[in-house]
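What follows is a single structure, written as structure tokens, with notes after it.
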Amino acid sequence: MTRSTVLLESHHELPQPRCDFYDRMLISTAAILVGLPLLFWGADRLVIGAAATARNLGISAVLVGLIVVGFATSAPEMLISALASMGNAPGLAVGNALGSNIANLGLVLGVAVIICPLAVHPQTLRREFPAVVAVTILATVLLLDSDLSRIDAFLLLGALVAMTIWIIAVGSRSSVFDPIRSEYEDDMPPDMPPKTATFWLILGLVTVLIGAELMVEGATEIALLLGVSELVLGVTIVAVGTSLPELAVAIAGATKGESDLVLGNVLGSNIFNLLAVVGIAGVIEPHMLERGVVTLHLPLMGGLTVAVFLFAYNSAMRVQLTRPIGILLLGTFLTYQGFVVWDALM
């Protein structure tokens, strides 16, 4: 036994001072509070740089909006997933993906609908909703055995590739009257010189990476200090934090009456979270899932997805998500968050 081993063991035998707990908790909380704005700002710069770079390469506005911006806005979740899995905390990655999807449907869409009822174009029901439902079913089937294997992960990433190809095909065929196409084109950033676009692209990516690292470090340390699992932190603090940019976009879109863009962003984000975020976590660190994934988080996510579709659809194809529906979605999300925190601390 080496001298360093003896010192390490004797250190663990000593009672840890109470002030050390508070110091570590303060540092971890500060890491999350610093990491969040870095994630937000970096993601915004990354989206602008990526969109401008794609447009400079001659890619159409609608494909920039559907593909490039979709990947860029999911960059925080994907980087958190990769860093958490490499740091032996894959539960945080899976929790972030499932929690973000629940937050998108309950918090983001709920708040947007409360601000302004959303009149959803029938084309969105026929195109985006079936894709989200199919992806949700695929992820649920693969994870029902509580085992996220590399085979599961590669199937999810393969589905992401297929989904991306499908989106490109649909986007290329979409007419100028497509509501999502026109709204994406209106919201595209102005033309930008290639050097400026590249600068913002690189700076945004680096900033998001730093913010994600701080978020992962802070969340895993808090989970250790409080004695709760990384999954719990993933579906609460981290999921809500990484969903705040989507919330800001949804609020802005709702106030401008861009119903299809609001719903399109939520549904697109959920597709990327399930396929890319969970897929990345499984490739890097296959693991057995906690019981709550199958008994609570997956069923709630699937239930909310189906509920939003049923709420949005009617036989006359005049679709609208009303304020009572928004209150119900938000109330479901708040009840879920309260239950998860109560169950973890009891």
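The values are calculated or read from the model by the stated rules, or taken from the named source; none is laboratory data. Nothing here was measured: the structure is a model prediction, and the numbers come from that model. Counting neighbours? That spans all protein chains shown, and the Cβs are built from the backbone with ideal geometry, glycine included. Ligands, DNA and RNA are stripped out before the accessible areas are found, and what is left, the full protein with its side chains, is counted by its heavy atoms. Shrake-Rupley method; radii C 1.70, N 1.55, O 1.52, S 1.80 Å.
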Filter result (of a type in the set (A, V, I, L, M, F, W, C) and in a loop (DSSP other than H, G, I, E, B)) within segment 278-300: Leu289
When Met317 is run through (1) part of a helix (DSSP H, G or I); (2) at pLDDT below 85, the failure sits at (1)
Without any contact (Cβ under 8 Å) to a residue 12 or more places away in the chain, under 25 Å from Leu138 (Cα atoms) and small (Gly, Ala, Ser): is that true of Gly268 in this structure? no
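Kindly indicate the residue of segment 245-269 that is over 23 Å from Ala307 (Cβ atoms) and within 15 Å of the chain's Cα centre (by Cα) and also least open to solvent (accessible area, probe 1.4 Å) among those meeting that condition.
Looking only at segment 245-269, we keep the residues that are over 23 Å from Ala307 (Cβ atoms), and these are 245, 248, 252, 255-257.
The next check asks that each one be within 15 Å of the chain's Cα centre (by Cα); those that pass are 245, 248.
Working: Pro245: 42, Ala248: 60 Å².
Only one residue tops the list, namely Pro245.
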